[in-house]
Amino acid sequence: MTLTADIALESRDVAVDLVVETGETLALLGPNGAGKSTVLAALAGLLHPRGTVALDDRVLSDTGTRTWVAPHDRGIALLAQEARLFPHLDAGDNVAFGPRARGQSRTEAAATAARWLDEVGMTAHAHRRPHELSGGQQQRVAIARALATEPRVLLVDEPLSALDAEAAPEIRDLLRRVLAERTTVLVTHEVLDAALLADRVAVMDAGRVVDTGETTRVLSRPRSDFGARFAGLNLVRGVASDGALLMADGRLLHGLAESPVADGQPVAAVVAPSAVSIHLTHPHGSPRNSLDAVVTELEPHGHLVRVRTDLLSADVTPAAVAELRLHRGSAVVLAVKATEVHLHPSRPLSLA
């Protein structure tokens, strides 16, 4: 079972081409306004896009042939940010609603609901109404309700965004279990969600897919600026020059090439902030990369401080910030070993 989508929505400036293979979870990442939730709405049939949406050989929408399959008949379920349970029904009846709507008898639907409530650990709360449940419990019921219809594809839109810090890890673990081998498109802003739940990632920006690939590759060697920020990495763009990256201002960044790149071809460098050290002068016996920069921001980052500059970010201790007397506008020298800089072929910035 393969979900394919060639979607264009002029009013929202969205144009994407996606393929989701059977049993695969594809995570859609991107900044606010990139078009991620719009894509889910188009797949679910809540919007009428130009282009086509197909599930295997079944065309769900096609403007060329004027084909249109109603949302309830697509075999696609949408799990939204909010649980959106029916307030007048208890948990069991909320989960049974979909199976009843698809022709199951009351007894059959109740059995289906009981099975899925057990799957999500909510059997003991089957007779409670939504207002009697916590946010995490409501989301568990919402997951059971979405899966009780046995959808061929599950669309998941920011499932943890409305949950508190205590409930989120439990729901994430639940999703990891129930999404296994289930065809899913997941929208998330959390790097941990993508790392734990997704087989593949597509990064969207301004309504276009700017990077796509296996989760490990996108998070460790991103090819888009948002992908790098999402993964907490530095991304520098330039062209190849004698095995190094030549920046627009003439600075060179030496590193290890993922694959050979001809001089003059677009190349990107990925550097972890933990690999970058900060000095006030060029250090003696310095690593191959020693670059002048200016501090643009200092941000708390766990027990460290993330020092952002006009070139790279670095994670340093609060003691180092105090010792170096760093502040916005400080002139610094960034040092990073060439072995910590990973170079790979890239595309021009406009295509990322």
Discussion item. Every residue in the stretch 275-285 that is loosely packed, with under 15 Cβ neighbours inside 10 Å and either aromatic (Phe, Trp, Tyr) or touching a residue at least 12 places away in the same chain (Cβ under 8 Å) (or both), please.
Written reply: His279, Leu280, Thr281, His282, Pro283
Response to the item:
Per the filter on the stretch 247-282, residues among the hydrophobic types (A, V, I, L, M, F, W, C), closer than 27 Å to Val332 by Cβ and over 30 Å from the mean Cα position of the chain (by Cα) are Leu252, Ile278, Leu280
Item to complete: Quick one: in the stretch 156-187, of everything that is more than 18 Å from the chain's Cα centre (by Cα) and either in a loop (DSSP other than H, G, I, E, B) or of a type in the set (Ser, Thr, Tyr) (or both), which residue is nearest to Ala198 (Cα to Cα)?
Response: Glu181
Worksheet item: How many residues are closer than 25 Å to Ser241 by Cα, touching a Ser or Thr at 6+ places or on another chain (Cβ under 8 Å) and surrounded by fewer than 18 Cβ atoms within 10 Å (Cβ to Cβ) when one looks only at the stretch 293-341?
Response: 3
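Just checking, does the stretch 123-131 include any residue being closer than 30 Å to Thr38 by Cα, in the same structural domain as Ala42 (by TED's automatic domain parsing) and either at pLDDT 95 or above or of a type in the set (D, E, K, R) (or both)?
Yes, some residue in the stretch 123-131 is closer than 30 Å to Thr38 by Cα, in the same structural domain as Ala42 (by TED's automatic domain parsing) and either at pLDDT 95 or above or of a type in the set (D, E, K, R) (or both).
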Worksheet entry | Residues of the stretch 265-292 classified as under 24 Å from Ser220 (Cα atoms) and in contact with a strand residue (DSSP E or B) (Cβ under 7 Å, 6 or more places away or on another chain), total | 18
Worksheet item: Across the stretch 118-155, which residue is farthest from Leu79 (Cα to Cα) among those that are of a type in the set (A, V, I, L, M, F, W, C) and part of a loop (DSSP other than H, G, I, E, B)?
Response: Ala126
Response to the item:
When the stretch 233-264 is checked residue by residue, the ones that are in a loop (DSSP other than H, G, I, E, B), at pLDDT 90 or above and under 24 Å from Thr216 (Cα atoms) are Leu233, Gly255
Response to the item:
Exactly one of Ala91, Ala142, Ala113 is closer than 26 Å to Val20 by Cβ, of a type outside the set (Asp, Glu) and surrounded by 19 or more Cβ atoms within 10 Å (Cβ to Cβ), and that one is Ala142
Discussion item. Condition first: touching a Lys or Arg at 6+ places or on another chain (Cβ under 6 Å) and buried (at least 18 other Cβ atoms within 10 Å of the Cβ). Can you find one or more residues in the stretch 223-241 that meet it?
Written reply: no
Item to complete: Only one of these is surrounded by fewer than 20 Cβ atoms within 10 Å (Cβ to Cβ) and under 14 Å from Arg140 (Cβ atoms): Leu160, Leu192, Leu174, Leu196. Name it.
Response: Leu174
Discussion item. Please go through the stretch 50-81 and give me each residue that is part of a loop (DSSP other than H, G, I, E, B) and either surrounded by 14 or more Cβ atoms within 10 Å (Cβ to Cβ) or hydrophobic (A, V, I, L, M, F, W, C) (or both), ordered by number.
Written reply: Val69, Ala70, Arg74, Gly75, Ala80, Gln81
Worksheet item: Of the residues Arg182, Arg237, which single one is assigned by TED's automatic domain parsing to the domain that holds Arg288, among the basic types (Lys, Arg) and touching a residue at least 24 places away in the same chain (Cβ under 8 Å)?
Response: Arg237
Practice prompt. Take the stretch 15-49 and flag every residue that is under 16 Å from Thr184 (Cα atoms), touching a helix residue (DSSP H, G or I) at 6+ places or on another chain (Cβ under 7 Å) and in a strand (DSSP E or B).
Written response: Thr25, Ala27, Leu28, Leu29
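Count, please, the residues in the stretch 38-89 that happen to be of a type in the set (S, T, N, Q) and either modelled with pLDDT of 95 or more or under 21 Å from the mean Cα position of the chain (by Cα) (or both).
Total satisfying the criteria: 2.
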Item to complete: Restricting attention to the stretch 199-208, report how many residues are surrounded by fewer than 24 Cβ atoms within 10 Å (Cβ to Cβ) and either more than 17 Å from Gly23 (Cβ to Cβ) or free of Cβ contacts under 8 Å to residues at least 24 places away in the same chain (or both).
Response: 4
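The values are calculated or read from the model by the stated rules, or taken from the named source; none is laboratory data. Everything quoted here is computed from the prediction, not taken from an experiment. In this analysis, Cβ positions are derived from the backbone assuming ideal geometry, glycine residues included, and neighbour counts consider all displayed protein chains.
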